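Just so it is clear, none of the values below were taken in a lab; they were calculated from the coordinates. The shown structure was predicted, so the numbers you read here are calculated from the model rather than taken from an experiment. Reconstructed Cβ throughout: ideal geometry from the backbone, glycine too, with neighbour counts over all protein chains shown.
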């Protein structure tokens, strides 16, 4: 299927024989998340530094231990939380899961974050960047060793809105995958501009018997075919 | 069956599952829940949703419907199959059984790592002892002078740098430096073991050079009585973290009958247990080093006695603990 050529989605099989679709987060999303986490850590470290000034002889020890914990365990603590993501990852909308789609285990989270050191080599996370760019599932070394994967958090899809559209019987026999493509277009319709929707509908205009034509009316008829595929009949 | 009819038929079940999951995943506060979530109901609804998803896929139902079932089954799958072991019981199992067992299971790497630490230490120690100028090839003159001051007979607190105000400060330094080194020593092992070898040899050489230098300067008594006790925890821990790193590297070099990736995952899962133990040992080491080893008022003979006990306890723990536990 064509979408598997384009998509980086990976499948994790459950004991029920269902393939769960995981959408690996790429370099850009993870870089933004890293940047946000870095800023958050900076603010926390600064606050702890200020607080340590008021602790007298104990202050330096507090700051050293606190900074050590912040540096190494900040991601572990948050990844083991309910969301499975550090604040930065949460904001970007990604999270860490095991390869099989389950929440990350303590051992795996510890492993992947220890190996950030190896990912940092030779400089500025060079190993991590190379590994993420080379792999379809965008894993860095830590993810490989810990059998974890960083994925986009699934979003609630918008419900299909085709209320005002009259069903149109297809002009040609449609295979299930063709029907799925038409309905998927209809599902995406609210997120597209009218012009782009017309362009895309024109590609599928054969299904409503309008091959070679384009325009809002053709679009309406193609969406009508989607309505038909959904089970509505005139 | 058309998608709309399919949806209408099962909508109620999906909604029920969604509501239950919202409660379990704490997306809605428990007070607002209509009923307390029951495990068997969630499991039953989850299996039904799996069937529906399989049907929806086989029949190429619209994407939004498949996406919804995808999300529903993914959430339920996480709730039903999650395994999170945290807490006192899991911690105790690591200490009482898993850590020493993991060390014994990888005894070959442990001995190799210990040799990589000890041999450079002895070689440089002897060299520097007979040719003190060699210390400058390992550290610069300022650092050498600083070490001399730290372990001088007149130091009020042994091993403390002039800048550090209290024993607590040294505790902080030991925690962040030593555990950081151990973590690096482990993690860099993924580069075919080279990183671990580097850290082991480097730290061994550094330790040996300083020991040789201070001995030659006649500061041996303060230095060795200082190092002896916490060394039982610290030196062993560094060797163990190196062993865990070597194991990672070896898993990539010689994966055996697994793929390299499987082999790495497997090795990481086993060796991270060693890193847990190493972390705990280094916390103990930091406390001992900061508050006991540094105490100038404790006579050397007492320190050597305590040190001997510590070495015996640590080695016996690694060699025997958890042998017969189920």
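Take every Cα pair under 8 Å in chain A that's 6+ residues apart, average their separations, divide by the length, and report that relative contact order as a whole percent. Could you put the intermediate results ahead of the total?
Details: 314 pairs, mean separation 38.6, N = 234.
Worked out over chain A, it gives 17 percent.
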Expected 222 nm ellipticity per residue - DSSP helices of 4 or more, -39500 (n - 2.57), all of chain B, to 500:
-25000 deg cm²/dmol
Modelled label reach - residue B:137, point 7 Å along Cα→Cβ, the range B:166-204 residues with backbone N closer than 20 Å:
B:198-204
Go ahead and collect, in residue order, the members of the range A:9-24 whose backbone nitrogen is under 20 Å from a label point 7 Å along the Cα-Cβ direction of residue A:155.
A:9-10, A:21-24
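Cα gyration tensor of the range A:176-229, axes a ≥ b ≥ c as square roots of the eigenvalues: rounded (a/c below 1.5), prolate (a/b > b/c) or oblate? Don't skip to the answer; put the middle values down first.
Values: a/c = 1.74, a/b = 1.08, b/c = 1.60.
Oblate, because a/c is 1.5 or more while a/b does not exceed b/c.
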Taking the Cα atoms only, what angle lies between the long axis of helix B:300-320 and the longest principal axis of chain B, rounded to 10 degrees?
30 degrees
If you project the alpha carbons of the protein assembly as shown onto the principal axes, what extent comes out on each, in Å, largest first?
102, 55, 48
Given R₀ = 30 Å, what would the calculated FRET efficiency be for residue A:51 paired with residue B:149, taking r from the Cβ atoms and rounding to 0.05?
0.45
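Sorted by packing (mean other beta-carbon atoms within 10 Å per residue), highest first, where do B:138-149, B:287-298, B:263-274 land? Working shown, then result.
Working: B:138-149: 14.3, B:287-298: 18.2, B:263-274: 21.6.
Ranking the peptides B:138-149, B:287-298, B:263-274 by packing returns B:263-274, B:287-298, B:138-149.
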Cut-off 16 Å, label point 7 angstrom out along Cα-to-Cβ of residue B:93: give me the residues of the range A:76-105 whose amide nitrogen falls inside.
A:105
Points 7 angstrom from Cα along the Cβ direction at residue A:191 and residue B:15: gap in nanometres?
2.6 nm
Shielding by other protein chains, B:44-50, mean Cβ within 10 Å:
2
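Please give the calculated 222 nm ellipticity per residue for chain A, where each DSSP H segment of at least 4 residues contributes -39500 (n - 2.57) and the sum is spread over every residue; nearest 500 deg cm²/dmol?
Details: 11 runs with 124 residues, N = 234.
Using -39500 (n - 2.57) per qualifying helix, the result is -16000 deg cm²/dmol.
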Along Cα→Cβ, 7 Å out, is where each label goes; now give me the distance between the ones at residue A:39 and residue B:41 in nm to one decimal.
4.4 nm
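As a test of understanding, state the convex hull volume per residue of the range B:3-81 from its alpha carbons, in Å³.
Details: hull volume 6.8 nm³, N = 79.
Considering the Cα atoms of the range B:3-81, their hull volume per residue is 86 Å³.
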Nearest 0.05, what FRET efficiency do residue B:48 and residue B:192 give at R0 = 51 Å with Cβ-Cβ as r?
0.55
According to the square roots a ≥ b ≥ c of the eigenvalues of the Cα gyration tensor, what is the shape class of the range A:120-234, taking rounded for a/c under 1.5, prolate for a/b larger than b/c otherwise, and oblate for the remainder?
prolate
Go ahead and run the numbers for FRET between residue A:28 and residue B:202, Cβ-Cβ distance against an R0 of 56 Å, rounding to 0.05.
0.95
Have a look at A:49, A:142, A:209 and tell me which one the Gaussian network model of chain A (Cα, springs below 10 Å) gives the largest fluctuation.
A:209
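Output the peptides A:169-176, B:174-181, A:122-129 sorted from most to least packed, where packing is the average of other Cβ atoms within 10 Å over each peptide's residues. Before the final figure, lay out each step's value.
On the way: A:169-176: 12.4, B:174-181: 20.4, A:122-129: 14.0.
Highest mean packing first, the order is B:174-181, A:122-129, A:169-176.
Let me know the mean shielding of A:67-79 by other chains, meaning the per-residue number of their Cβ atoms within 10 Å of its Cβ. Could you put the intermediate results ahead of the total?
On the way: counts 3, 9, 3, 0, 3, 5, 0, 0, 0, 0, 0, 0, 0.
That average works out to 2.
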What angle, in degrees between 0 and 90 and rounded to the nearest 10, separates the Cα long axis of helix A:194-203 from the longest principal axis of the Cα atoms of chain A?
60 degrees
Range of Cα positions in chain B per principal axis (Å), largest first
91, 47, 43
Given chain A, report the % of alpha carbon pairs whose separation exceeds 22 Å.
64 percent
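Shape call for the range B:103-146 from the C-alpha gyration tensor, a ≥ b ≥ c root eigenvalues: rounded (a/c under 1.5), prolate (a/b greater than b/c) or oblate?
Working: a/c = 4.98, a/b = 2.59, b/c = 1.92.
It is prolate, given that a/c is not under 1.5 and a/b is the larger ratio.
Just to check, using Stokes-Einstein with a Kirkwood Rh over alpha carbon pairs, what's the diffusion coefficient of the range B:124-279 at 20 °C and 1.002 mPa s in µm²/s? Each step should come with its number before you reach the end.
Details: Rh = 17.1 Å.
My calculation gives 125 µm²/s for D.
If you count, for every residue in A:107-114, the Cβ atoms of partner chains within 10 Å of its Cβ, what is the mean? Numbers along the way, then the final one.
Working: counts 8, 4, 0, 4, 9, 2, 2, 12.
So the per-residue partner count for this stretch is 5.
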With each pseudo-label sitting 7 Å past Cα toward Cβ, what's the residue A:9-residue B:2 distance in nm, one decimal?
2.5 nm
Could you tell me the largest-minus-smallest coordinate of the C-alpha atoms of the range B:79-120 on each of the three principal axes, in descending order and whole angstroms?
51, 20, 16
In degrees between 0 and 90, to the nearest 10, how far off the longest principal axis of chain A does helix A:59-79 point, with axes built from Cα atoms?
20 degrees
